[in-house]
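Enquirer: Before I ask anything, let me first share the structure, which is written out below as structure tokens.
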């Protein structure tokens, strides 16, 4: 059971957060499609910001407010939110580690497959849109191709997979009718990206 506590606040557990999350209406649940290390880094940064700027800063002699603190928002913000974020960041890291250990238990490195899937998607989309008519879809493809011209890291590969799969989703029926690519690669690309 993961517990974190800042001075003067209650301990927060993952179990409490899971229970609270389970009670949320589906419309309040967001799907974040970012690489796990990005989510972890952003979460840690937000928690640190929360702690750093919670208290207002006053000029010692005059008590004039030099910097308002988040606490001045009253009951709209809770002091222990940074603790909750840290618990979630830790849980995300643990889940990612469990996943990586399970995946690495086999000999399969997903990178070659991810590069193959990306290549197939890019070629199929390019072939589909190479119809002699310059339209918005061609501009979208050109923008994605330029943005992902150099894939030098796992993050670059994940971003390219996500972007081309997202474009592929909008063209899925046309790609399926074309018959040159298995449209299941679109969903596989999204899975490989994350």
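Enquirer: Out of the residues in region 8-32 meeting the condition of being part of a loop (DSSP other than H, G, I, E, B) and either more than 15 Å from residue 81 (Cβ to Cβ) or within 22 Å of the chain's Cα centre (by Cα) (or both), tell me which one is modelled with the highest pLDDT.
Expert: Ranking the candidates gives 23 first.
Let's see how each residue does on (1) out of contact with any helix residue (DSSP H, G or I) (no Cβ under 6 Å at 6 or more places or on another chain); (2) in the same structural domain as residue 14 (by TED's automatic domain parsing); (3) more than 28 Å from residue 38 (Cα to Cα):
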site: 114; (1), (2), (3): no, no, no
site: 123; (1), (2), (3): yes, no, yes
site: 129; (1), (2), (3): no, no, yes
site: 138; (1), (2), (3): no, no, yes
site: 145; (1), (2), (3): yes, no, no
site: 152; (1), (2), (3): yes, no, no
site: 188; (1), (2), (3): no, no, no
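Enquirer: Among residues belonging to region 120-136 that are within 16 Å of residue 177 (Cβ to Cβ) and part of a loop (DSSP other than H, G, I, E, B), point out the one that is nearest to the chain's Cα centre (by Cα).
Expert: 130
Enquirer: Scan region 147-158 and report the pairs whose first residue is assigned to a loop (DSSP other than H, G, I, E, B) and whose second residue is modelled with pLDDT of 90 or more, with Cβ atoms within less than 6 Å and a gap of 6+ or a chain change.
Expert: Pairs found: 148/160; 151/157; 151/160.
Enquirer: Right, something else. If you take the residues of region 45-94 that are under 25 Å from residue 20 (Cα atoms) and surrounded by fewer than 11 Cβ atoms within 10 Å (Cβ to Cβ), which of them is nearest to the chain's Cα centre (by Cα)?
Expert: If we take residues in region 45-94 being under 25 Å from residue 20 (Cα atoms) and surrounded by fewer than 11 Cβ atoms within 10 Å (Cβ to Cβ), then 76 is nearest to the chain's Cα centre (by Cα).
Enquirer: With the checklist (1) exposed (fewer than 13 other Cβ atoms within 10 Å of the Cβ); (2) assigned to a helix (DSSP H, G or I); (3) outside the structural domain of residue 15 (by TED's automatic domain parsing) in hand, flag the one item residue 97 doesn't pass.
Expert: (3)
The values are calculated or read from the model by the stated rules, or taken from the named source; none is laboratory data. Since the model is a prediction, treat every value here as computed from it, not as a measurement. Neighbour counts run over all protein chains shown; Cβ positions are idealised from the backbone, glycine included.
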